[in-house]
Structure formats: C-alpha cells, structure tokens
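Notes to accompany the following structure.
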Amino acid sequence: TGVQTCALPIWKSRGNSYANCCAADCKNRAFANKKYVKHQIFREGGMGWGLKTVEPLQKGDLTFEYVGDCINDQIMEERLEKHKKENPDDLNMYIMELENGIYLDARERGNPSRFINHSCDPNCELQKWNVCGTTKIGIFAIKDIPAGTPLSYDYQFNTNQKSRFACYCGAKNCR
C-alpha cells in the first residue's frame with residue numbers, strides 16, 4: 001500500500017557507526033519512553049490550532065516526537081492531490097520528510113506535535129535522532145520556555161503557491 005511503520009536505520013551518524021546513549025539523563029531515553037511535554041491544544045488566532053506547554057521547559061528538552069504514517073513520494077503526491085480536491089480551502093499540511101523520499105504524514109495518525117505552528121523566531125527545532133537503529137524526528141526546545149507558551153518551529157516551507165499562504169507568526173523578523 002506504500003504506507004508502513006517507519007524503521008529506517010541510520011548507518012553513518014557519528015562516523016562509521018551509530019551509538020545509542022546509555023546515560024541516565026540521555027535525551028534518547030525520552031524517545032524510547034515517549035516522555036513528552038505536558039501540553040494543551042488551543043486555537044492560536046489566524047494560525048488555527050496550536051500547542052502550548054503547561055509546564056516550563058529547559059533548552060534541550062524533547063517536547064514531542066513527530067509521528068505519522070510512513071509514506072513514499074508517490075503516496076505523498078496522491079494524498080496531497082486528494083486533500084486538495086476534497087478540501088480546497090484547507091491549507092494545513094502535516095507531512096514532514098524523514099529521509100530522502102520517505103515522509104511522515106501525521107494528518108490522520110499523528111500525535112499532538114502536528115499542532116505545533118510555524119514561527120520565523122521559533123522556540124523549538126527539529127532534530128533527527130537514531131533511536132535503537134531507527135530514525136526519529138524530535139522537536140526540541142532551543143531556549144527556556146515558560147509554562148503557557150505556544151510551541152513553534154521554523155517549517156522552512158517552500159511552495160510555488162506563495163499567494164495562497166501567509167505567515168501569522170508576528171515575529172519581528174517575520175519573512
């Protein structure tokens with residue numbers, strides 16, 4: 001069907017082989033234990049649904065793992081085309097590249113991380129990690145974040161339909 005559980009090994013991170021951390025404070029354990037931030041989904045103005053933390057976060061904390069259906073280029077194109085036909089006014093995208101030609105589609109089988117909005121001045125960033133030989137995408141705090149703050153990362157979104165998309169982040173450096 002083109003949809004599968006993602007289990008893509010990273011063979012060459014940190015030199016010739018990968019290593020998993022065994023230290024008690026290793027952020028890798030947060031992935032394995034699915035230890036995510038306490039959160040609240042809310043309406044974030046012109047951006048639609050958003051996600052905010054209800055607990056303070058420290059720089060480097062894992063907020064969520066980005067999860068969804070693991071799909072290839074062909075399935076991605078088919079899903080985007082179908083969504084465009086059935087929902088022409090819904091510009092929300094939940095597809096993220098995991099590896100070259102392999103994507104995560106969180107529209108139907110994602111977690112609350114799909115509600116984290118874009119910002120040109122984000123408080124989080126995406127990082128690809130090797131967890132037990134599998135590529136995972138984590139969303140990590142890049143600064144201390146007070147409780148009640150909306151989470152954001154830079155989507156680095158490229159489109160040939162710029163006239164249909166607007167940025168509502170409100171950052172001083174908004175592109």
(request) Specify whether the C-alpha gyration tensor of region 75-175 places it in the rounded, prolate or oblate class, a ≥ b ≥ c being the square roots of the eigenvalues: rounded for a/c under 1.5, otherwise prolate if a/b is larger than b/c and oblate if not. (result) oblate
(request) Just the number, please: carbon plus sulfur as a percent of the accessible area of region 24-138, 1.4 Å probe, no ligands or DNA/RNA counted. (result) 46 percent
(request) Grab the alpha carbons of region 71-134, take their convex hull, and tell me the volume per residue in Å³. (result) 120 Å³
(request) With a probe of 1.4 Å, find how much accessible area region 56-145 has per residue, and write the answer as a whole number in Å². (result) 49 Å²
(request) Please give every one of the aspartates and glutamates within straight-line cross-link reach of LYS136, meaning a C-alpha to C-alpha distance under 20 Å, and leave out same-chain neighbours fewer than 8 residues apart. (result) ASP25, ASP61, GLU65, ASP69, ASP73, GLU97, GLU99, ASP105, GLU108, GLU125, ASP154
(request) Among the listed pairs LYS34/LYS82; LYS52/LYS172; LYS34/LYS172; LYS52/LYS128; LYS59/LYS84, give every one whose C-alpha distance is greater than 30 Å. (result) LYS34/LYS82; LYS34/LYS172; LYS59/LYS84
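The values are calculated or read from the model by the stated rules, or taken from the named source; none is laboratory data. Just so we're clear, the structure is a prediction, and the values are computed from it rather than from any experiment. Surface areas here come from the heavy atoms of the whole protein model, side chains and all, with no ligands, DNA or RNA. Shrake-Rupley method; radii C 1.70, N 1.55, O 1.52, S 1.80 Å.
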